[in-house]
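The values are calculated or read from the model by the stated rules, or taken from the named source; none is laboratory data. Bear in mind that the values here come from a model prediction, so they are computed numbers and not experimental data. Glycine gets a Cβ as well: all are built from the backbone with ideal geometry, and neighbour counts include every protein chain shown. Heavy atoms of the whole protein, side chains included, go into the accessibility calculation; ligands, DNA and RNA do not. Shrake-Rupley method; radii C 1.70, N 1.55, O 1.52, S 1.80 Å.
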Amino acid sequence: MATGSGNFSFRTRDPRETWQRGLGGLLDYASATDTRAIVILVVFALLAFLPGQAKIPPIDRDEARFAQATKQMVDTGDYIDIRFQNELRYKKPVGIYWLQAAALKVAETVTRREMDTRIYVYRIPSLIGAVGAVIATFWIAAMFVSRRAALLAAIMMASSILLGVEARLAKTDSMLLLMVILCMGAMARAYLPRSEGERDNPALPFVFWIALAIGVLLKGPLILMFVGLPIATLVVVDRSASWLKRLRPLIGLPVFLLLVLPWFAAIQMRTGSAFLSDSIGGDMLSKVYSGQEGHGAPPGYFIFLFFFTFWPASLLAGMAVPGVWRDRSETPVKFLLAWLVPAWIVFEIVITKLPHYVLPLYPAIAILLARAIETGQMTRRRWMEWGTFWWFAVPVLIFAGSLFLLLRYEGELGWRAWPFLAAAMVFGFRAWWLYDVDGNERSLLRAAVTTLLLSIAVYWSVIPSLAAIFPSVAIQRTVHASECKNPWVAAAGYHEPSMVFLSGTDTALTSAAAAADFLKGGDECRFAVVDHSVERTFVRRAEAIGLRYVQAARFQGYSLGSGGRVSLRIYRARGNQ
């Protein structure tokens, strides 16, 4: 297959001709001005990230923990301490909780009703972070390539599977990605040679230091590694640090400390050394030498996953490597490699590995790939080009997998998803089959549309239809159907955070015997969720204390938190007072 030169064009076209030329014409139209490019990117990103935001229930375990801690923060009015029920939650600083709390407050003010169990409200900061990251990728890419290529790099980010997942989770990673890109953009502007007569933008140092501070409040010192490793690498390679003066550290460092220190001082005064001990010692450093929570993996893990997490653009990444290597000494490429390579090596060495760890490095890959397409440096090795077959194969596999899961666990065909899955297969097929005719750019655009269509099908239809993987929703519905004003739930054997988020902060996570005692001590608005593994203990204790109860519901399915099957019975107290 011939790759072509990327088909980059900058002619202004008649609008009718733009639409007649399809995706290539749309790219022509969008790349005419920055405003058009940003509008098109926002629309594309929202189409990619919005489906499923409100329909997918809270995901165990991290998302539900973040959302529940935020809910408690708003309920108590304590915006310093971070707790999950009565348990200290000091793995991450307060930044994401403040953002989620702000989203909740705004949502309740606008709607004039309680929104504290609507998980999509807590996902708003992640959605904003993901869309912002796409726009920020366009901004920083424009420093290295043409506007058209920068637009292509941003589309790669918007269509990547990993960012699509993180945009739908109420966690830190989308917003951290945005802060890293802003920091790297300010650094790039300071490092790259200026054109004749160009002056330093006085706002850029503030962008750098404020984004750095927000990053620290979001996820602790991790952002310092993403920023510090490229700085150290460039200083060593160039044997010069003079460009760092453009970041105005004498002004910026006080701004950074002014933003970061107040909360850290407040939590230190409140808890002593507990926060630093849990967040740095118990969470961050323990990941270096042990596989925390069973997430250990050997070196090479992120390279292997990259072809899935950065799909569809990942299929072209290997073709760009020879060109990138040839230009490694050029200033723009050197900066991007300094952003990418050192941190990637560190994450491969660290024992604990999760897919999202390397997400802040993906913009560098997208820009390098867009540059290779623009300059016609994509390799013509046929065995690499054959990999584009997966643009078609992945939609086919997702269609088959979705059909199997829906039939196996829900007894339905999932008709609503079929039009989008069918269209995705068509676009994926054309992206692969016409690759040697249309070249990298147009084929990649078709593959990006394939991802968009898959996102609608999977996140809007397939996943929400799989009720078997959301036990906490079944529990909430059973309790809600009782029409009790103040229902109270205890759970034995099933202790997932999503149940606490949906059923209430006072949900008791307890033993089987204690669950029986819980029902005995109250009225008919008490419920006990009992897993089959501890059911015998519950029944024996109920008999011993003379508990009167009825089975309100039964649920069989899977727990995303534990990764195993669950069989739950929901019991309700009956006339024990």
Quiz item: Can we say Arg61 is within 21 Å of Ile124 (Cβ to Cβ) and basic (Lys, Arg)?
Solution: yes
Quiz prompt | Yes/no for Ala67 being in contact with a helix residue (DSSP H, G or I) (Cβ under 8 Å, 6 or more places away or on another chain), farther than 30 Å from Phe420 by Cα, open to solvent by less than 10 Å² (accessible area, probe 1.4 Å) and not in a loop (DSSP other than H, G, I, E, B) | solution = yes
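For (1) open to solvent by 10 Å² or more (accessible area, probe 1.4 Å); (2) without any contact (Cβ under 8 Å) to a residue 24 or more places away in the chain; (3) more than 22 Å from Ala150 (Cα to Cα); (4) in contact with a helix residue (DSSP H, G or I) (Cβ under 8 Å, 6 or more places away or on another chain), each residue gets a yes or a no:
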residue: Lys171; (1), (2), (3), (4): yes, no, yes, yes
residue: Leu182; (1), (2), (3), (4): yes, no, no, yes
residue: Met187; (1), (2), (3), (4): no, no, no, yes
residue: Ser195; (1), (2), (3), (4): yes, yes, no, no
residue: Val207; (1), (2), (3), (4): yes, no, no, yes
residue: Gly228; (1), (2), (3), (4): yes, yes, yes, no
residue: Thr233; (1), (2), (3), (4): yes, no, yes, yes
Quiz item: How many residues does region 19-35 hold that are under 16 Å from Ala141 (Cα atoms) and either open to solvent by 60 Å² or more (accessible area, probe 1.4 Å) or at pLDDT below 90 (or both)?
Solution: 2
Quiz item: Based on what the data block shows, is Ile140 in contact (Cβ under 8 Å) with a residue 12 or more places away in the chain and open to solvent by 10 Å² or more (accessible area, probe 1.4 Å)?
Solution: no
Self-check item: Residue list for region 23-60, filter: within 19 Å of the chain's Cα centre (by Cα) and of a type in the set (Lys, Arg)
Solution: Lys55
Quiz prompt | Sole exception among (1) in contact (Cβ under 8 Å) with a residue 24 or more places away in the chain; (2) open to solvent by 40 Å² or more (accessible area, probe 1.4 Å) for Arg477, by number | solution = (1)
Quiz item: Of all residues in region 513-525, which are at pLDDT 95 or above and surrounded by fewer than 24 Cβ atoms within 10 Å (Cβ to Cβ)?
Solution: Ala513, Ala514, Asp517, Phe518
Quiz item: Got at least one residue in region 255-263 being without any contact (Cβ under 8 Å) to a residue 24 or more places away in the chain, surrounded by 14 or more Cβ atoms within 10 Å (Cβ to Cβ) and over 29 Å from Val145 (Cα atoms)?
Solution: no
Self-check item: Lone unmet requirement of (1) open to solvent by 10 Å² or more (accessible area, probe 1.4 Å); (2) closer than 30 Å to Gly376 by Cα; (3) hydrophobic (A, V, I, L, M, F, W, C) for Ala149
Solution: (1)
Practice problem: Working carefully through the options Leu519, Leu509, find the one that is in contact with a strand residue (DSSP E or B) (Cβ under 7 Å, 6 or more places away or on another chain) and over 22 Å from Gln556 (Cα atoms). | Solution: Leu519
Self-check item: Among (1) open to solvent by less than 70 Å² (accessible area, probe 1.4 Å); (2) modelled with pLDDT of 95 or more; (3) in contact with a helix residue (DSSP H, G or I) (Cβ under 6 Å, 6 or more places away or on another chain), the one test that Asn440 misses
Solution: (2)
Quiz item: So, of the residues in region 554-572 that are open to solvent by 20 Å² or more (accessible area, probe 1.4 Å) and closer than 20 Å to Lys520 by Cβ, which turns out to be modelled with the highest pLDDT?
Solution: Arg569
Practice problem: Inspect region 422-438 for any residue being touching a residue at least 40 places away in the same chain (Cβ under 8 Å) and within 26 Å of Arg565 (Cα to Cα) and give the result as yes or no. | Solution: no
Quiz item: Which one of the conditions (1) touching a residue at least 12 places away in the same chain (Cβ under 8 Å); (2) assigned to a helix (DSSP H, G or I); (3) more than 19 Å from His495 (Cα to Cα); (4) among the acidic types (Asp, Glu) does Glu108 fail to meet, given that it meets all the rest?
Solution: (1)
Quiz prompt | Some residue of region 414-436 being touching a helix residue (DSSP H, G or I) at 6+ places or on another chain (Cβ under 6 Å), more than 29 Å from Ser314 (Cβ to Cβ) and not in a helix (DSSP H, G or I) | solution = no
Practice problem: Please give the helices (runs of 4 or more DSSP H) falling wholly within region 322-410 in which 1 or more residues are of a type in the set (Lys, Arg) and surrounded by 22 or more Cβ atoms within 10 Å (Cβ to Cβ). | Solution: 362-374
Exercise. Would you be able to tell me the number of residues in region 70-105 that are in a loop (DSSP other than H, G, I, E, B) and not basic (Lys, Arg)?
Key: 11
Quiz item: Quick one: is Asp62 touching a Leu at 6+ places or on another chain (Cβ under 8 Å) and either surrounded by 14 or more Cβ atoms within 10 Å (Cβ to Cβ) or at pLDDT 95 or above (or both)?
Solution: yes
Quiz item: So which residues in region 484-502 are open to solvent by 10 Å² or more (accessible area, probe 1.4 Å) and more than 25 Å from Tyr120 (Cβ to Cβ)?
Solution: Cys484, Lys485, Asn486, Trp488, Gly493
Quiz item: In this structure, is Ile161 farther than 23 Å from Arg446 by Cβ, open to solvent by 10 Å² or more (accessible area, probe 1.4 Å) and aliphatic (A, V, I, L, M)?
Solution: no
